[in-house]
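Take a look at the structure below.
The values are calculated or read from the model by the stated rules, or taken from the named source; none is laboratory data. All of these numbers come straight from a predicted model, not from anything done at the bench. Positions of Cβ are backbone-derived with ideal geometry, glycine not excepted, and every protein chain shown enters the neighbour counts. To get the accessible areas, we keep the full protein, side chains included, count just its heavy atoms, and leave off ligands, DNA and RNA. Shrake-Rupley method; radii C 1.70, N 1.55, O 1.52, S 1.80 Å.
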There are 2 protein chains.
Amino acid sequence: MKTLTSRQLQVLEFIQDSIRVANMPPTIAEITVAMGFGSTNATRGHLQALERKGAIELIPNSSRGIRLVQAGAFEPGLPLVGRVAAGRPLLAEENIEDYRPVDPSFFSPRADYLLRVRGESMRDAGILDGDLLAVHRSPTADNGQIVVARLQDEVTVKRLRRTGQVVYLEAENPDFPAIEVDLKQETLALEGIAVGVVRNL
Amino acid sequence: MKTLTSRQLQVLEFIQDSIRVANMPPTIAEITVAMGFGSTNATRGHLQALERKGAIELIPNSSRGIRLVQAGAFEPGLPLVGRVAAGRPLLAEENIEDYRPVDPSFFSPRADYLLRVRGESMRDAGILDGDLLAVHRSPTADNGQIVVARLQDEVTVKRLRRTGQVVYLEAENPDFPAIEVDLKQETLALEGIAVGVVRNL
DNA sequence: TTTCATACTGAATATATTAGCACTGCTTTT
DNA sequence: AAAAGCAGTGCTAATATATTCAGTATGAAA
């Protein structure tokens, strides 16, 4: 979506408010009054600009014919990634097991997908086998964060420790050894940062 | 809400579908076509019946002026219960810290509220201090389930074990002893069954 | 300097939509 | 038997709403 002008943004926000409050899009006349315009054409101009820029879709000859094209306006929830096929991107369709009605903005930073946890290696961090890990996509992470990493076609959840050029992926379970990655020899592909846990009992 | 006739229900369902698909209520004409009526008045009759019965609200002289009055259409989410005041019901207003956008039906059975967990007594079950426990209200529970119980104005989360007339509330942490409740002497007030865990990392 | 996007006014028109009146016919309740 | 609710048709009026045409003015890009 191209960048919107501040006036266009105001119009867009009014439309969003309207949908939230009244459960339906506003009429052009309603926008005109709310914005304080003297002519419905002022609104039409903005609407057409918003449509050109991909923010909304206008349905011709239809009352309240404004549709928000926000990515994820009617999304089915967050994708749940189960077993990951070797050599395929994490969010490739064949890895998505299902969609779950979890609010992405419940977590901070926002969750982008859910990963079904396998194994007991993070047990002492309260992350158990079968739990759904809420993950925020990010190629970088801070020291000490729990991350989702890719190692030789294996997806793993571990705590990140970095000392100079060496990264340790530590389990939270004494039965599992830490994995050592020397950044001088190999690269570490981070798939994201763990931002939450959801478990069905 | 009074009971709807099957025809009225069909109209209501079309309206609901319409809102879900198009993100706006339908016009009377759209309903008329969808239902196969020859006259918009057939629809108007149904709409007025639906309004009388409290299923919808009609906004006069407004295009698409149909508002669903479903309970919980704009619900704020699940109540989050924090510290519980002595002698007050769990879901009394002063115990509700906030509302969180969690889908109740994500859990099974349905979650009725969230309880902020205090302490480490359920650590080995992967329930940590600060976690949000999704709880289904229930006065009874099966053996082995994790329950929310009330003991002398204290709310506690424990695993339930019952042998005859004696109930043990077991922690999942060797540092905490089990609590023994003799049903012949005292009653055990169950506030609900744990159905899930949500954690913000 | 011309063109283009933004940001509006003002008036007129076409159409979409709600709303009202007058009916028919069936079933259930009083 | 009458009244009330349900389920419709058919037509017209009123008004809500979108759309089009004709302008003005400003600042940025070509």
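Tabulated results
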| item | result |
| --- | --- |
| Degrees, to the nearest 10: B:40-52 long Cα axis against longest axis of chain B | 30 |
| Compactness of the stretch B:6-68 - radius of gyration and Dmax, Cα, Å | 10.4, 27 |
| Rg and Dmax [Cα atoms of the stretch A:78-198; Å; Rg one decimal, Dmax integer] | 13.7, 41 |
| Neighbour-limited loop hits for trypsin sites (Lys or Arg not before Pro), the stretch B:111-201 (at most 16 other Cβ within 10 Å; DSSP other than H, G, I, E, B) | B:Arg118, B:Arg137, B:Lys184 |
| Computed [θ] at 222 nm, helices only, for chain B once each DSSP H run of length n ≥ 4 contributes -39500 (n - 2.57) | -6000 deg cm²/dmol |
| Relative contact order computed over the stretch A:6-68 (Cα-Cα under 8 Å; 6+ residues apart), in percent | 31 |
| Cα gyration tensor, the protein assembly as shown - rounded (a/c under 1.5), prolate or oblate | oblate |
| Heavy atoms of B:Phe107: accessible area, 1.4 Å probe, square angstrom to 10 | 10 |
| Simple label model, 7 Å out from Cα along Cβ direction - B:Arg20 to B:Arg118, nm | 4.2 |
| For chain A: relative contact order, % (alpha-carbon pairs under 8 angstrom, 6 or more apart) | 14 |
